[in-house]
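Asker: Sharing a structure with you now.
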Amino acid sequence: MNENLDRLTAQGVAIWLDDLSRERLAGGGLADLVREHRVVGITSNPTIFAKAIRSGDRYDEQIGDLTRRWVRVEEAVRLLTAFDVRWACDVLRPVYEASDGMDGRVSIEVDPRVAHDTAATIAEARALWWLVDRPNLFVKIPATQKSLQAISTALAEGISINVTLIFSLDRYDQVLRAFLDGMAQAHAAGRDLASIASVASFFVSRVDTEVDSRLDKIGTREARALRGQAAIANARLAYQHFERAAASQQWQALAAAGMRPQRPLWASTGVKDPSYADTRYVTELVAPSVVNTMPEQTLRAVADHGRIQGDTIHGTYPAARQVLDDLKAVGVSYDDVVRALEDEGIAKFTASGTDLFRNLDTVLNTKRDAA
């Protein structure tokens, strides 16, 4: 069953899980996936934590303590999520050590409500880095225009960063520049570059969802023929941009000084359209030095019936570019699509965080009233 995952790993793809809960940690589920399904990292977000806190009673004791201490909801969220992330970092610490710090990473997200506030994002990143206090942590910062400086500043201070919510190639180029700027500052400050890591989370399936909806509205035969092609083409071109940046003089000089590459991470790899193969955003995006973070359902689908056929990115750039040209020809604007996706992504990101705060606040107040 794990031959497919072994093949995927052999191609240079790091398999990460897009899910974290205290139930998974306490029950040994994460350790099992690390041992049996080649999982070498994990990502989390406010939606995942909100669902985890609502499910079962694993959080009751800590929430009770927070209630008795009259901890404000914002700090309660940080303490609850940091507890889980610290625990997951410890589970994955052997992977981190065995990979010389490349993998074994766990992500925690900054407060979603500060996505457009550079100074607040930097302050949040510093606080989470200090609070979790594990070398294999990633602090997730969204790739908004206002957050680019926060990404550079955090990296310059030695904080490892997962840049999230990237949809467009232009924004990805800005993220790559922010990464290099931060690492250059870290180097100038005399920091050990090998101790700082970063990934850039490029979202996949949401692109097909948005583009396919537009193609369906256009309704022509030419438009319908392009369904399901945009997301993979976009991600493949992102990898080309990664290679271009990695070949630059600045990147090479910093790499010689110990800098690790900022790997592309394929996020949103669960298939939304049931008419598509449930493993397509994994098997069609295989190349060295990438991370693929999967929901457990997708991970198990790849293990069961994914067809790993080697590198499926190199050699595809002209065809991928043609897909974007064809979309333009039938009336789908790439710039408008990625702008809408970023706006929607930030809105959902903020809403999920707000829901988490609101739900936990209700729980805290209920427990205080009962006491």
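Asker: Suppose the filter is open to solvent by less than 50 Å² (accessible area, probe 1.4 Å), in a helix (DSSP H, G or I), in contact with a helix residue (DSSP H, G or I) (Cβ under 7 Å, 6 or more places away or on another chain) and over 26 Å from T209 (Cβ atoms); does F357 pass it?
Answerer: In short, yes.
Asker: While we're on this one: Please go through the stretch 112-153 and pick out each residue that is among the small types (G, A, S) and either open to solvent by 10 Å² or more (accessible area, probe 1.4 Å) or closer than 21 Å to F167 by Cβ (or both).
Answerer: Result: A115, A119, A120, A123, A127, A143, S147, A150, S152.
Asker: Give the residues of the stretch 25-57 that are in contact (Cβ under 8 Å) with a residue 24 or more places away in the chain, open to solvent by 20 Å² or more (accessible area, probe 1.4 Å), of a type outside the set (S, T, Y) and at negative phi, sorted by residue number. Please lay out each step first, then the result.
Answerer: Filtering the stretch 25-57 for residues in contact (Cβ under 8 Å) with a residue 24 or more places away in the chain gives 25-26, 30-31, 33-34, 36-56.
Still in the running and open to solvent by 20 Å² or more (accessible area, probe 1.4 Å): 26, 31, 34, 36, 38, 40, 45, 47-48, 51, 53-56.
Right, trim to of a type outside the set (S, T, Y) and you get 26, 31, 34, 36, 38, 40, 45, 48, 51, 53-54, 56.
Once the filter is applied, which keeps residues that are in contact (Cβ under 8 Å) with a residue 24 or more places away in the chain, open to solvent by 20 Å² or more (accessible area, probe 1.4 Å), of a type outside the set (S, T, Y) and at negative phi, the stretch 25-57 yields A26, A31, V34, E36, V40, N45, I48, K51, I53, R54.
Asker: Oh, and also: Any idea which residue in the stretch 1-43 is modelled with the lowest pLDDT, counting only those that are among the hydrophobic types (A, V, I, L, M, F, W, C) and more than 30 Å from Q62 (Cα to Cα)?
Answerer: That would be M1.
Asker: Which residues, taken from the stretch 176-204, are assigned to a helix (DSSP H, G or I), of a type in the set (S, T, N, Q) and in contact with a helix residue (DSSP H, G or I) (Cβ under 6 Å, 6 or more places away or on another chain)?
Answerer: Hit for the stretch 176-204 is Q185, nothing else.
Asker: Please find, within the stretch 171-193, the residue that is farthest from the chain's Cα centre (by Cα) out of those that are in contact (Cβ under 8 Å) with a residue 60 or more places away in the chain and farther than 15 Å from W251 by Cβ.
Answerer: Checking each candidate, the answer is D192.
Asker: Could you please let me know if D343 is open to solvent by 70 Å² or more (accessible area, probe 1.4 Å), farther than 30 Å from L79 by Cβ and either modelled with pLDDT under 95 or touching a Lys or Arg at 6+ places or on another chain (Cβ under 9 Å) (or both)?
Answerer: yes
Asker: Name, by its number, the condition in (1) modelled with pLDDT of 95 or more; (2) farther than 20 Å from L169 by Cβ that does not hold for F349.
Answerer: Against the list (1) modelled with pLDDT of 95 or more; (2) farther than 20 Å from L169 by Cβ, F349 comes up short only on (1).
Asker: Could I ask something else about it? Going by the conditions given, is P288 in a loop (DSSP other than H, G, I, E, B), loosely packed, with under 14 Cβ neighbours inside 10 Å and modelled with pLDDT under 95?
Answerer: Spelling it out, it is not the case that P288 is in a loop (DSSP other than H, G, I, E, B), loosely packed, with under 14 Cβ neighbours inside 10 Å and modelled with pLDDT under 95.
Asker: Taking the stretch 75-97, which residues are open to solvent by 50 Å² or more (accessible area, probe 1.4 Å) and closer than 17 Å to V363 by Cβ?
Answerer: E75, R78, F83
Asker: Specify which of the listed residues (G331, G258) is open to solvent by less than 50 Å² (accessible area, probe 1.4 Å), in contact with a helix residue (DSSP H, G or I) (Cβ under 7 Å, 6 or more places away or on another chain) and on the phi > 0 side of the Ramachandran plot.
Answerer: Only one candidate passes the filter, namely G258.
The values are calculated or read from the model by the stated rules, or taken from the named source; none is laboratory data. Just so we're clear, the structure is a prediction, and the values are computed from it rather than from any experiment. Cβ atoms come from the backbone with ideal geometry, glycine included; neighbour counts cover every protein chain shown. Each accessible area value is taken on the protein alone, full model and side chains, heavy atoms only, with ligands, DNA and RNA left out. Shrake-Rupley method; radii C 1.70, N 1.55, O 1.52, S 1.80 Å.
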